[in-house]
Amino acid sequence: MDLSEINFAVLVASLIVASTPLVLAALGELIVEKSGVLNLGVEGMMIIGAVTGFIVGVETGSAYIGMMAAAMAGALLSLLFAFIILIMQANQVASGLALTIFGLGIAALMGHPYTGIKSPQISTISVPFISEIPVLGTMFFQHDLIVYLSLISVLVIWYFLNRMRTGLILRSVGEDHDVAHSLGYRVVTIRFLAITFGGAMAGVGGGYLSLVRVPQWTEGMTAGAGWIALALVVFSGWRPFRLLIGAYIFGGITILQLNLQAIGVNINIALLSMAPYLATILALVVISMSRFRGNRGAPGCLGRSFVKIT
Amino acid sequence: MRQFMKYFSASFLFISMVITSSIAIAADYKVGFIYIGPPGDHGWNYQHDVGRKAVDEAFGDKVETVFQENVPESADAERVMTQMALSGADMIFATSFGYMEPVLNVAKKFPKVKFEHATGYMTADNVSTYSARFYEGRTVAGHIAGKMTKSNTIGYVASYPIPEVVRGINSAYLAAKKANPNVEFKVIWIFTWYDPAKEADAAKTLISQGADVILQHVDSSAIMTVAEEAGVYAFGQASDMSAFGPNAHLTAIINGWAPYYVKKVKQGMDGTWKGAEQTFDGIGAGMVIIGPLSDKIPDSVKKEAMEIRDGIASGTLHSFTGPINKQDGSPWLKAGETADMGTLLGMNFYVEGIEGDIPQ
């Protein structure tokens, strides 16, 4: 065992890549939940994004067009969910689960002719000058566009939720839709928009998986990433920056596990694979125990259907 | 709503009828195949499907083959094989190690159906096993890897700690060490046969730790893609994978199941098939094929590799020829001695020189 064999700069760089799909999908879900909707279909939207992004990427030869298609596919699927729960007033939990199952199935069907094909490459963009900095440059400034985009999204979403009037309206709809409604805000429209945004983000997350991280299409390739994204939102207490840190911890454990193995450390792999989920459960317990935090960040109307009082 | 349900259940009934009727086959002799992943993986499953198609071609209308892909190594495998047997399959090829228990269970229920289980070690009156001496191919690959590495670090992405995989690591290591005494192996176990995301992560990790040649004992072509991007070398697993890494691909250890499948189906048809047989063929019988060698390999190394291949094929060379010590330094094979079948089939130790432990 020789810890010096692990290149920590590369380790951090690869954990960022591994975590990016999680960051994107979880940020989308964060906005959805802040508007008071619980969409358990993240996994389904991610995999639809993954397969559509891959197909379009292969057919057009451009990973960026593929990524855009992934966003649209995720958004389209989420519209179905939005219609069912907002217009038909169906149960959100059941509809979300159905969305996941539906997404996994249809993605397998769509992707069948595309297994074992190479995807177009996405180039990394080294930020001028600062990417030259040893260690830090390798860690943070030699990535592809989507990684930077995910980091910018964290900032933008934080700003949107905490510093902008529209963000406040979105939160008020999530906290108490009846009050928001009586103040004249269009609850259904706002939630529609939030759900669509969440779908697009999950789609991009999936597209990143099939176009950059692997890069290949395989049936069921999201392998539970959507569920981790959902857990991350709770783990973060509905805060964008904590969400980012959480995602990097999750991704980091996976990458660290591989690195430790390669230098010959005798570790229990099953235990390490379990660690992210254990951490989520622990975080949930800790969050629900801290009483002084009031409502713990969870939106008041999370998961409740909005019925217009006339 | 009721109207809708009526249509829905009617169409559901129709669809299920279509499905069952397509499974109920009409030819004289029916052969079923179950695959652990999709035949489109361009790896392990792809080659089994090549074998299946060879059966189709060899017997024409007399034999009908069916296959089921993505069958998990669990009770699902039992269900799928039971379904195949019930719809009239005369012979079933179960093409992954983890189908061992399910095969034995289903074989007990259908004594007239003949079962062929790949890479397993348990047989019954109507269950035979077959496996390839992949380790022979890994001796050739190991030699090339040892000659091609500049960092003297070779990465190895392994699936499950079963004898077949351990054998491959040992065989590749011994050959690489012989070709280049400074060589060092780094092994990552990912506990899956087919998960491109995990395979890619493992390969990236190995490369980040200095490996410039990657060997794999997992099924997808993701590692080849990663190697190509990173500018290092890799070997195709089960199938030729040069399409995924034209510069990275050194050669491939290709599984040649077609002759075996055709032979066994023929035996099944004319009644000479026997149960409780264990086939273990290698380069000599054509069950392991060394793919075309890349132009990146110097001619002298190409020549050596071909000599090793031909030596193994003719039996003058054995992948495990003593003196070889086990990892802990205790002697395993004396000088000139070669490994016996039993030890090979149950191999659960590293040879001397490999660092790290085999996970339990």
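Quick notes on this one:
- With both labels modelled 7 Å from their Cα along Cα-to-Cβ, the A:Ile269 to B:Thr192 distance reads 1.2 nm.
- The Rg/Rh ratio of chain B, with Rg taken over Cα atoms and Rh as the Kirkwood radius over Cα pairs, comes to 1.02.
- 5 angstrom amide H check on B:Ser220, placed H, neighbours 5+ away: B:Asp195
- Cα centroid separation - the stretch A:108-181 against the stretch B:186-259, whole Å: 30 Å
- Extension gain (nm, one decimal) between A:Ala279 and A:Leu168, 0.36 nm per residue minus Cα-Cα: 36.9 nm
- Average Cα contact separation per residue, chain B, under 8 Å, 6 or more apart, as relative contact order %: 17 percent
- Taken residue by residue and averaged, Cβ atoms of other chains lying within 10 Å of the Cβ of A:112-124 number 4.
- Rounded FRET efficiency, nearest 0.05, which uses the C-beta distance separating B:Glu307 from B:Ala335 and R0 of 22 Å: 0.55
- Angle of helix B:196-208 to the longest C-alpha principal axis of chain B, folded into 0 to 90 degrees and rounded to 10: 0°.
- Placing a label point 7 Å from the Cα of B:Asn325 along the Cα-to-Cβ direction, no residue of the stretch A:239-275 has a backbone N closer than 16 Å.
- Protection proxy ranking, highest mean first, for peptides B:103-112, B:323-332, A:23-32, B:28-37: A:23-32, B:28-37, B:103-112, B:323-332, where packing is the per-residue count of other beta-carbon atoms within 10 Å, averaged.
- Using the Karplus relation 6.51 cos²θ - 1.76 cosθ + 1.60 with θ = phi - 60°, the per-residue 3J(HN,Hα) values for the stretch A:114-128 come to 10, 6, x, 10, 7, 9, x, 8, 10, 8, 7, 10, 7, 5, x Hz, with x marking Gly and Pro.
- Look at the Cα gyration tensor of the stretch A:113-235: its axes a ≥ b ≥ c give a/c of at least 1.5 with a/b at or below b/c, and that counts as oblate.
- Shape of the stretch A:19-223, Cα gyration tensor, a/c cut at 1.5: oblate
- Within 10 Å of each Cβ in A:250-261, the average number of Cβ atoms from other chains: 4
- Counting Cβ atoms of other protein chains within 10 Å of each residue's Cβ and taking the mean over peptide A:131-138 gives 0.
- Using just its DSSP H runs of length 4 or more, each adding -39500 (n - 2.57), chain B gives a mean residue ellipticity at 222 nm of -13000 deg cm²/dmol after division by all residues.
- Counting neighbouring beta carbons within 10 Å and listing from fewest to most, the residues A:Val307, A:Val51, B:Val50 come out as A:Val307, B:Val50, A:Val51.
- Nearest-20 debye value, the protein assembly as shown charge dipole, Cβ charges on Lys, Arg, Asp, Glu: 1940 debye
- Computing FRET efficiency as 1/(1 + (r/R0)^6) for B:Lys112 and B:Thr343, where r is the C-beta to C-beta distance and R0 is 41 Å, gives about 0.70.
- Amide H partners (placed H, <5 Å) of B:Gly43, local residues excluded: none
- Proximal lysines relative to B:Lys150, as straight alpha-carbon distance under 16 Å, when same-chain residues fewer than 8 apart are discounted: B:Lys177, B:Lys178, B:Lys186, B:Lys296
- Cα centroid separation - the stretch A:232-283 against the stretch A:61-106, whole Å: 27 Å
- As a proxy for reagent exposure, ranking A:Ser153, B:Ser171, A:Ser4, B:Ser74 by other Cβ atoms within 10 Å from fewest up yields A:Ser4, B:Ser74, A:Ser153, B:Ser171.
- As a proxy for reagent exposure, A:Thr166, A:Thr20, B:Thr153 were ordered by neighbouring Cβ count within 10 angstrom, fewest first; the result is A:Thr166, B:Thr153, A:Thr20.
- Sparse packing (at most 16 other Cβ atoms within 10 Å of the Cβ) combined with a DSSP loop state is found for the following trypsin sites (Lys or Arg not before Pro) in the stretch A:150-243: A:Arg186.
- Those residues of the stretch A:1-39 whose amide nitrogen sits under 14 Å from the label point placed on A:Glu132, 7 Å along Cα→Cβ: none
- The calculated 222 nm mean residue ellipticity attributable to helices in chain A amounts to -22000 deg cm²/dmol, summing -39500 (n - 2.57) over DSSP H runs of n ≥ 4 and dividing by all residues.
- Applied to the stretch A:160-173, the Karplus parametrisation 6.51 cos²θ - 1.76 cosθ + 1.60 on θ = phi - 60° returns per-residue 3J(HN,Hα) values of 4, 6, 9, 10, 10, 4, 4, x, 5, 4, 4, 5, 5, 4 Hz, with x for Gly and Pro.
- Loop GluC sites (Glu not before Pro), the stretch B:261-348, which have at most 16 other Cβ atoms in a 10 Å radius of their Cβ (DSSP): B:Glu277, B:Glu337
- Label point 7 Å beyond Cα of B:Lys150 along Cβ direction - residues of the stretch B:191-234 with amide nitrogen under 17 Å: B:207-214, B:227-234
FYI, it's all coordinate maths here, none of it is from the lab. Please read these numbers as outputs of a predicted model, since none were measured by experiment. Neighbour counts are summed over all protein chains in view; Cβ atoms, including those assigned to glycine, are modelled from backbone coordinates with ideal geometry.
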